[in-house]
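The values are calculated or read from the model by the stated rules, or taken from the named source; none is laboratory data. Bear in mind that the values here come from a model prediction, so they are computed numbers and not experimental data. So basically every Cβ, Gly included, is an ideal-geometry build from the backbone, and we count neighbours across all protein chains shown. In case anyone asks, the SASA skips ligands and DNA or RNA and just uses the protein heavy atoms, side chains included. Shrake-Rupley method; radii C 1.70, N 1.55, O 1.52, S 1.80 Å.
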There are 2 protein chains.
Amino acid sequence: MDERFKKQMEVSLEIDKEKNVFRQTHLSGNGRNENDAEHGWHVAIMAYLLKEYSNEPVDISKVMIMCLIHDIVEIDAGDTYAYDSEGLTTQKAREDAAKERIFSLLPEDQKEELIALFDEFEEYKTPESKFAHAMDNLQPLMLNNSNDGGDWREHGVNREQVYGRQSKTREGSEKLFELTDMVIKRHIEKGNIQ
Amino acid sequence: MDERFKKQMEVSLEIDKEKNVFRQTHLSGNGRNENDAEHGWHVAIMAYLLKEYSNEPVDISKVMIMCLIHDIVEIDAGDTYAYDSEGLTTQKAREDAAKERIFSLLPEDQKEELIALFDEFEEYKTPESKFAHAMDNLQPLMLNNSNDGGDWREHGVNREQVYGRQSKTREGSEKLFELTDMVIKRHIEKGNIQ
């Protein structure tokens, strides 16, 4: 095996570890906690199914690969819950170190390509990254809604926190934010969001 | 919510169930059994990382969405182990019924689009479907190899069965088949494949 191919196969095996990174979100039917790999799969398919609702035209191939790789850094950095204010202060440093270690396993050109995609996602500026983020927000909201808001109740999350994160969905999709807003209001009324 | 959007969100939630369909393959590090959603995620990323090894040029967006959706039918039909000859005789009928039920939840145009993608994958004729299949074969082989061939030993799988499935990787990628062949030969020598 040549060096390039060997590196690509090493990364292919390394990312298997993402299946052991568990999130705060629970599967529908009040199931177990979801892991990052499952989340990435779900978000990528939803991006494909809902692409017509992006505010701006998107390169769906780019959106999908962003969705698939955006949590790879959590193999080292762990999942930081969206409403964990302490964890959020160290998140960037932990994720930067992870990004360097994991993507450096790739051949140089692919390292650069994947880091560029990851950074574009994080920077939240292009139509693709905004739509990918909208999916990254909508998918756990949808699961949590299907479980009667249990994840919000469990963590005592309040409306400012939920809107702080979810209102950014509007930048990627006005249509999906309308649904998001409707779901949040319902759970505030029910007392699931404080 | 309009009818179209409602249907798209229903499907988005319905496919969550794929995370409860477990396969015979084990995660690296002698981990637990893998589920279909994780497998789909892994296969789609590998397709992206290894696309230069496709025998023919491919539309990678099409390959990725094929990889992501190819096991959705198993929500109803269950996973059929690649070397379960009894299960394989009823697999097509079970999967056809599942395909009709699940994709019919979508708006008509998307139902047609996803069924066409699923059928293209199954028919194994286009460059995209051949490369997607190569990934679908390589990913469990890679995991199983990392676990010293435990999945083959557990099921007493023989070389004809392994080559029967894995030799089709050659149709999608000669390069990836060279690796596959090397791995299989090593496990025959070690006695992990009969």
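General remarks:
- Taking first residues from segment B:12-34 that are closer than 18 Å to A:Lys17 by Cβ and without any contact (Cβ under 8 Å) to a residue 60 or more places away in the chain and partners that are outside any strand (DSSP E or B) and open to solvent by less than 40 Å² (accessible area, probe 1.4 Å), the Cβ contacts under 7 Å between residues at least 6 apart in sequence or on separate chains come to B:Lys19/A:Leu27; B:Lys19/A:Glu38; B:Lys19/B:Ala37.
- Residue selected from segment B:108-129 under the condition among the aromatic types (Phe, Trp, Tyr) and more than 14 Å from every other protein chain (Cβ to nearest Cβ), by the criterion surrounded by the most Cβ atoms within 10 Å (Cβ to Cβ): B:Phe121
- Residue within segment B:16-25 that is facing chain A (nearest Cβ under 7 Å), open to solvent by 10 Å² or more (accessible area, probe 1.4 Å) and among the hydroxyl-bearing types (Ser, Thr, Tyr) present: no
- Residue check, B:Thr89 away from chain A (no Cβ under 11 Å), over 27 Å from A:Leu143 (Cβ atoms) and open to solvent by less than 40 Å² (accessible area, probe 1.4 Å): no
- Number of residues in segment B:130-151 that are open to solvent by 10 Å² or more (accessible area, probe 1.4 Å), out of contact with any strand residue (DSSP E or B) (no Cβ under 7 Å at 6 or more places or on another chain) and away from chain A (no Cβ under 11 Å): the value is 4.
- Per-region count, segment A:65-115, residues under 27 Å from B:Glu52 (Cβ atoms), in a loop (DSSP other than H, G, I, E, B) and not β-branched (Val, Ile, Thr): 6
- Single unsatisfied condition, A:Glu34 versus (1) within 11 Å of chain B (Cβ to nearest Cβ); (2) of a type outside the set (Lys, Arg); (3) over 16 Å from the mean Cα position of the chain (by Cα): (3)
- Residues in segment B:61-86 that are aliphatic (A, V, I, L, M) and facing chain A (nearest Cβ under 10 Å): B:Val63, B:Met64, B:Ile65, B:Leu68, B:Ile69, B:Ile72.
- When restricted to residues that are free of Cβ contacts under 8 Å to residues at least 40 places away in the same chain, within 23 Å of A:Gln24 (Cα to Cα) and basic (Lys, Arg), segment A:108-153 contains 1.
- When the residues of segment B:46-60 are filtered to those that are open to solvent by less than 20 Å² (accessible area, probe 1.4 Å) and at the interface with chain A (Cβ under 9 Å from one of its Cβ atoms), the one that is nearest to A:Ile115 (Cα to Cα) is B:Leu49.
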